[in-house]
Amino acid sequence: MNRAVGIIPARWSSTRFAGKPLYPINGKPLLYHVWKRCRRAEKLDALIIATDDMRIAEAAFDWGAEVVLTSCRHRSGTDRVAEVARHGRDFAFVINIQGDEPLIDPRLVDQVVEKLRSDRRIDIVTAAHPFQNPAEAKSPHQNKVVVDLNNCALYFSRSLIPYPAKRSRVRHLRHQGIYGFRRNALLQFVRWKSTPLERAESLEQLRALENGVKIHVLITKHGSPGVDTPADAKALERKLARAQQKAASR
């Protein structure tokens, strides 16, 4: 029982960006770009798209993805991933991969799997990286994390943490939304009720910390931008177009 499954939760409804998974980026749906990059991860034994919407399911079937239809009553992507994992008894590790990060590094997915395989004391793994633009750390739309000396999460927040006192030089870490779970830890996580800090910050990973579960944080040099709005999608498309032009000119 050392097998790992990557699950990408995808829903149609979004208050800021309805239909986001199928929004075209360079002629292909946003979700396709995520799936294609995750296919390059070497440590995954399976990759599944979990959705409750037939438009997403049919599109994913067309490009060859494995798809599982899930309940429409889930409140979070983690709940959707857990529904799939509940029936996936052949998998010891479940990697929850955000469907709106089309530049996710496959090597990061492998690092998450390898960390779970190599250290039995760890039940949950996530990732973070230093902000490239320090001003972005002040945005409530960017999630931050502080870690201890062993790179275990102390707290997650939408606020600027740690607070930069005068003359201090601190590193602000942007939390990247990838989670690796031991399967049993994931199934326990979704059984717990929402916790006070989770509700205050609207960050569900705090539920694990409030229940005494350690979350190991992989610190990387760079992260991948998420797509939250149509403006983000257009900015990403321009970035990819520039990268393609640069590669073609070499």
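Beyond 32 Å in Cα-Cα separation lie the following of the pairs K138/K234; K36/K246; K193/K239; K43/K138; K43/K221: K193/K239; K43/K138. Arranged from fewest to most other beta-carbon atoms within 10 Å of their beta carbon, R158, R171 become R171, R158. Restriction of the chymotrypsin sites (Phe, Trp or Tyr not before Pro) in region 162-249 to DSSP coil positions whose beta-carbon has at most 15 other beta-carbons within 10 angstrom yields W192.
In summary, the convex hull built on the alpha carbon positions of region 4-249 has an orientation-averaged projected area of 14.3 nm². Once C-alpha pairs closer than 8 Å and six or more residues apart are averaged by separation and normalised to the residue number of the chain, the relative contact order reads 22 percent.
Annotation: the antiparallel percentage among DSSP beta bridges lying fully within region 4-249 is about 50. Going by the alpha-carbon gyration tensor, a ≥ b ≥ c the square roots of its eigenvalues, is region 2-101 rounded (a/c under 1.5) or, if a/c is not under 1.5, prolate (a/b greater than b/c) versus oblate? Cα axes put region 2-101 in the oblate bin. Residue exposure proxy: E114, E210, ordered by other Cβ atoms within 10 angstrom of their Cβ from fewest to most, comes out as E210, E114.
Among H129, H33, H222, H87, a tally of other beta-carbon atoms within 10 Å of each Cβ gives an order, fewest to most, of H87, H222, H129, H33.
Only the coordinates and a few stated rules stand behind these numbers; no lab work does. Note that the structure is a prediction, hence the values are computed from the model and not measured. Note that each Cβ is placed from the backbone with ideal geometry, even for glycine, and that neighbours are counted across all protein chains shown.
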